[in-house]
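Note sheet for the following structure.
The values are calculated or read from the model by the stated rules, or taken from the named source; none is laboratory data. Since we're looking at a predicted model, the values are computed, not measured. Every residue, glycine among them, receives a Cβ derived from its backbone with ideal geometry; neighbour counts consider all protein chains shown. The area values use the complete protein model at the heavy-atom level, side chains included, leaving out ligands, DNA and RNA. Shrake-Rupley method; radii C 1.70, N 1.55, O 1.52, S 1.80 Å.
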Amino acid sequence: MVELIKSTVKCYKKKTKKIVGGRKKTYEYNQYQVPLSKSDNLKCSEDVLVIPQSQFDGLIEGEVESQLNELEQNQRIVTEYEKELTELEWKHSELSRSYKAIVTKNAKTNKRLRLEEEKIVSLEKENQKLLRQLQQLNTEYSDLKNENKTLIKKNNLIDDEINLKKDQDLWTALRSRLSKKEIKDEKLED
C-alpha cells in the first residue's frame, strides 16, 4: 500500500542583488519549501513526488469514480451471469428431466423390442414346426392320393370285371333261356 505524507508548502520571498551592466539590480522571486518530519522515515537523497492537494483530490475522485464505474459494470456483469446461470440451471434441469424421460422410454422400448424378438423367435420355431407338420401332411396326402388312384384303378378294374361278368351272365342267361325255350319248343313240336 502506498504511504502518503502530508505537508504544507511554505513560500518565501527571496531577494538577490546582482550587478548587470554596471548597475546594481535587486531581483525578487518566490522560493517554495515543503517541510518533512522525522516521523516520515525518509532516507537522505531519496526522491519524493509532490502532488498538490487539488490535483490529488481530483486524482482520488477520478480513481474512486473509475473504481465505482468498474464496480457497477462488474455488478451488471455479475447480474447478467447470475441470470445466465439461472437460465442454464433451468435448461440443465429441463434437459436432465428430458434425458431421464428419454432413458426411461428407451428402456421400455428396448424391453418391448426384446419381448418382440423373443416372440419372433418363438413364432419362427412354431412356424418351422408347422412347416414340418405341413410337409408331413403333404407327404401323407400324396401317399393317400397315390393310394386312392391305385384304389380307383383297382375299383375300375373290378367294375370292368363285374360288368364283363354281368354281360357274360346276361348273355349266358339269355342263351340259357333261349336254349330252354328252344328245348321247350322242340318238345312241343314233337
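Laid out as a table, the results:
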quantity: Spacing of the two label points (7 Å from each Cα toward its C-beta) at Leu137 and Lys25, in nm; calculated: 14.4 nm
quantity: Estimated 222 nm signal from helices in the chain, with DSSP H stretches of n ≥ 4 weighted -39500 (n - 2.57), rounded to 500; calculated: -28000 deg cm²/dmol
quantity: Over 27 Å (Cα to Cα) - which of Lys10/Lys43; Lys108/Lys129; Lys10/Lys38 fall in this group; calculated: Lys108/Lys129
quantity: Within region 66-86, backbone nitrogen closer than 12 Å to the virtual label 7 Å beyond the Cα of Ser93 toward Cβ; calculated: 86
quantity: Accessible area in square angstrom per residue, the chain, 1.4 angstrom probe; calculated: 100 Å²
quantity: Summed side-chain charge close to Leu68 - residues other than Leu68 whose Cβ falls under 15 Å, Lys, Arg +1, Asp, Glu -1; calculated: -4
quantity: Simple label model, 7 Å out from Cα along Cβ direction - Thr79 to Lys15, nm; calculated: 6.7 nm
quantity: Note, ³J(HN,Hα) from phi for region 104-119, Karplus 6.51, -1.76, 1.60, rounded to Hz, x at Gly and Pro; calculated: 5, 4, 4, 4, 5, 5, 4, 5, 4, 4, 4, 5, 5, 5, 5, 4
quantity: Within a Gaussian network of the chain (alpha carbon springs, distance under 10 Å), most fluctuating of Ile51, Ile19, Ile102; calculated: Ile19
quantity: Virtual spin-label span in nm between Asp47 and Lys108, 7 Å along Cα→Cβ; calculated: 8.1 nm
quantity: Within the accessible area of the chain (1.4 Å probe), percent carbon and sulfur; calculated: 55 percent
quantity: Max mean-square fluctuation residue, GNM over the chain, Cα-Cα springs under 10 Å, options Lys17, Lys91, Lys111; calculated: Lys17
quantity: Rel. contact order, % - alpha carbon contacts under 8 angstrom, at least six apart, the chain; calculated: 9 percent
